[in-house]
1. Give the cross-link partners of Lys313 among the lysines, using a straight C-alpha distance below 16 Å as the criterion and excluding same-chain residues fewer than 8 apart.
2. Give the distance, in whole Å, between the Cα centre of the stretch 341-398 and the Cα centre of the stretch 274-334.
3. What is the distance, in nm, between label points placed 7 Å from the Cα along the Cα-to-Cβ direction at Asn393 and at Asp79?
4. D for the stretch 92-207, whole µm²/s, Stokes-Einstein with Kirkwood Rh over alpha-carbon pairs at 20 °C and 1.002 mPa s: what number?
5. At q = 0.11 Å⁻¹, what base-10 log of I(q)/I(0) does the Debye formula yield for the stretch 188-301 when every alpha carbon is treated as an equal point scatterer in vacuo?
6. When the dipole is taken about the Cα centre of the chain, and only Lys, Arg (+1) and Asp, Glu (-1) are charged at their Cβ, what size is it in debye, to the nearest 20?
7. Can you run phi through the Karplus equation (6.51, -1.76, 1.60; θ = phi - 60°) for the stretch 223-228 and list ³J(HN,Hα) in whole Hz, with x for Gly and Pro?
8. Just to confirm my numbers, what's the Cα centroid distance between the stretch 142-173 and the stretch 70-133 in Å?
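Taken together, the values in this text are just the output of simple stated rules run on the coordinates, not laboratory data. Keep in mind that this is a model prediction, so the values were computed, not measured. Here the Cβ positions follow ideal geometry from the backbone for every residue, glycine too, while neighbour counts run over all protein chains shown.
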Amino acid sequence: MYMLNLFISFLEVQINQYIPEKIQKRLIDRRIVKEIHSAYKNVPFYRKRYDRAGVDIKSIKGISDLKKLPFLTKQDIMDNFPKDIVSEKVDIDKCHYSATTGSTGKALPFVFNDKTMSYYINTTMRVYTMIGYKPWYKAVYVKYTNIDSPNFGPFFRFVHVPSTISVLEQIKLIGKEKPDLLVGYASIILEIANTVTPEDLKNIKPKMISVNSELSTKDQRDFISSVFKCPVYDEYSTEETWMIAAECRHHKYHLFADNVWVEFLDKQGNEIKNGDSGEIVLTTTHSPAMPFIRYRIGDRGRAFKGVCSCGNKLPMMKSFDGRSDDSFILPDGKYVSSLKLLNTFTKYIKTYLNLINEFKIVQEQKDLIVIHLVKGSKYKEESFKQLVSDLYNILGKSVTIKTKYHDFIAKSESVKRKAIESLVTQGNSA
Ligand SMILES: [Zn+2]
């Protein structure tokens, strides 16, 4: 059944990108309405909230009616998971469980069913087919966690190289695999590009590179491209909804509107003008077990209304303006991206449920890192010690890591509280 779902949604996702605009819009309307109505019917949280707000659910007939609905925040999810935010119709034990630290530092859990999972896998696949990937290509994915890829023999071969090993070991493994497609976080691929030797490049000759998960600049991607002598493409995704947008071969961002609808809003919650930067608000269309409706993810981007000459009919986005996380510069001059630290926490939050309730990492002085921690209900000293030791592996011995325990972590004024903050880097840039 899973394989059949996988195959059907593969075709669906591939075809979706060529459906003419007008029909495309109608299909998006229909999917959105289906998701919202099902959320109202089956998810207590939405039912209660919409009733309280006086929403006439029958009046929701498409994306133009979304503005009638209240937003969903990360706090809403944390307060209502799983009882009120997961559909009454699903057996949560049969769902795929995942969690993210987002950028707020609190564990944000969520679930999705098998069908959603196969749809998500295929939207990921479309990120690669959009840039010329062929099923018989070999791909190497450099990532901190293992990747689940179904076995199709010589097709769709994805090899995992752990980003937790040293960059030299990563390069050695990539050279052994000789990938056609190289995938990874922008900062990780950048580190590899900075380290590879001409000798390494004799074995590493990808046809294309796809960078993901964090904001990368055009200059960084151009640099990677100049090292590997192949095009480098960006994508924008989140753990909660998977693929949101990806660059096509013309380096234009296409929104994956068949998976998630994106609103770009100003401070007052109105749709922003073409090309201006706005808050990204997401609505899923394939996640009935746990729908995200008008979800404030905390990212910013620029809308763009136009047509791309690549032939892809999905709507477009001008740019992704990113998440506002900090990076650490250490006493030995080493630069550590906040994503690396965040990933370490995410790994533990995923492995040990309720180990951590909330955290914040602050570089108070160049050589002093303080973890502010709110223990989870199943906190274990041993597991947390292991986490700290992982952090030492990343940061090196030139710093001291201290832990301060709290009952809660106070919120700051900004919409998005940073989970990782460097008072040193900020001081330097000010
Ligand atoms: Zn395009």
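1. Once the sequence-local lysines are set aside, what remains near Lys313 is Lys22, Lys25, Lys252, Lys305.
2. Using only Cα atoms, the two centres lie 27 Å from each other.
3. Distance between label points: 3.8 nm.
4. On the way: Rh = 15.9 Å.
Once the numbers are plugged in, D ends up at 135 µm²/s.
5. Values returned for q = 0.11 Å⁻¹ are -0.46.
6. Values: 64 positive and 49 negative charges, 158 e Å.
That gives a dipole near 760 debye.
7. Values per residue, Gly and Pro as x: 5, 4, 4, 5, 6, 8 Hz.
8. Here the two parts' Cα centres lie 23 Å apart.
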